[in-house]
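A short worksheet on the structure shown next.
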Amino acid sequence: MPSRRFFAILIPWLAAIAVALGASLDLGRVSTDLTRLLPRGDAPEEQLLLGQLREGPATRLILIAVGGGERVIRPVMIAAILLLAGRMLGAY
């Protein structure tokens with residue numbers, strides 16, 4: 001059975017981990033906007049490009065890699081993924 005010293009170390013350590021996790025969940029902001037990593041554009045052309053990256057057709061671009069499996073199955077998998085994506089976007 002673990003000693004009292006073990007619990008005297010374990011309990012404050014677990015409490016510190018819980019506080020750190022709570023703080024990170026509370027303060028952490030998750031964003032999928034990758035344009036926040038780019039420098040702010042000063043020229044009108046740069047602002048147009050950044051606007052297109054934020055709100056244009058590139059925002060809906062999803063890259064999918066299909067690998068492995070048998071060669072005969074891959075086209076069927078790709079077709080199923082495209083059909084599902086089309087239904088999700090309301091195209092079909």
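Which residues, taken from region 56-83, are aliphatic (A, V, I, L, M), modelled with pLDDT of 75 or more and surrounded by 10 or more Cβ atoms within 10 Å (Cβ to Cβ)? 73, 76, 77, 78, 79, 80, 81, 82, 83 - these are the residues of region 56-83 that are aliphatic (A, V, I, L, M), modelled with pLDDT of 75 or more and surrounded by 10 or more Cβ atoms within 10 Å (Cβ to Cβ).
Using the structure shown, decide if residue 41 is in a helix (DSSP H, G or I) and not aliphatic (A, V, I, L, M). For residue 41, the condition - in a helix (DSSP H, G or I) and not aliphatic (A, V, I, L, M) - is not met. The residue list 53, 14, 21 contains one member that is surrounded by 10 or more Cβ atoms within 10 Å (Cβ to Cβ), hydrophobic (A, V, I, L, M, F, W, C) and at pLDDT below 85, which is 53.
The values are calculated or read from the model by the stated rules, or taken from the named source; none is laboratory data. Predicted, not measured: the structure shown is a model, and the values here were computed from it. As a convention, Cβ positions derive from the backbone with ideal geometry for all residues, glycine included, and neighbour counts pool all protein chains shown.
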